[in-house]
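Colleague: Pasting a structure below so you can have a look.
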Ligand SMILES: [Zn+2]
């Protein structure tokens, strides 16, 4: 995916560029290529970015540690402000608290938009925090408990019970 030179967008039809995605994203471990579409529109002092994409990833169940495949999908849009002072956060004193509105993404109006990196971030945000192979997964402990509940102990009990019964039948 090529970077988009932002001023170039103003000359595109409807100030919009559409990118067909069908590739593995650098740094994102997916089983299948990411497939979908990104649409970037120049709206004067901001970019409107839409994405609709999906891929299959391998997750590890938090409870039983088994691996399973998960369909990772994004259907999202974001406003990216075009701001002459974008990316100058490094110059600020470290002690300064950054107000929440400053965390909204912004880019230089004469800069580039990197669709690949942006989509990577969106896909990462969509990775489930809590990964479960099944909503009712019993986990490792659950599996172990089920096993010990099985017949073995009960069979022993039954044998002892019949021994007791035999004893009672024997003359004291
Ligand atoms: Zn599980």
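Colleague: Name the strands (runs of 3 or more DSSP E) wholly within region 1-96 that hold at least 3 residues that are touching a helix residue (DSSP H, G or I) at 6+ places or on another chain (Cβ under 9 Å) and at pLDDT below 95?
Modeller: It comes to 67-82.
Colleague: Can you tell me which residue within region 126-160, out of those that are modelled with pLDDT of 70 or more and exposed (fewer than 10 other Cβ atoms within 10 Å of the Cβ), is farthest from residue 78 (Cα to Cα)?
Modeller: My answer is 136.
Colleague: On to the next question. Restricting the search to region 107-140, which residues are within 11 Å of the ligand (Cβ to nearest atom) and assigned to a helix (DSSP H, G or I)?
Modeller: Once the filter is applied, which keeps residues that are within 11 Å of the ligand (Cβ to nearest atom) and assigned to a helix (DSSP H, G or I), region 107-140 yields 139, 140.
Colleague: Further question on the same structure: In region 43-65, which residue that is surrounded by 14 or more Cβ atoms within 10 Å (Cβ to Cβ) and more than 22 Å from residue 23 (Cα to Cα) is farthest from the ligand (Cβ to nearest atom)?
Modeller: Looking at the filtered set, the residue picked out is 46.
Colleague: Would you tally the residues in region 19-42 being more than 14 Å from residue 116 (Cβ to Cβ) and exposed (fewer than 13 other Cβ atoms within 10 Å of the Cβ)?
Modeller: Number satisfying all stated conditions: 2.
The values are calculated or read from the model by the stated rules, or taken from the named source; none is laboratory data. The shown structure was predicted, so the numbers you read here are calculated from the model rather than taken from an experiment. Ideal geometry is used to build each Cβ from the backbone, glycine not excepted, and the neighbour counts take in all protein chains shown.
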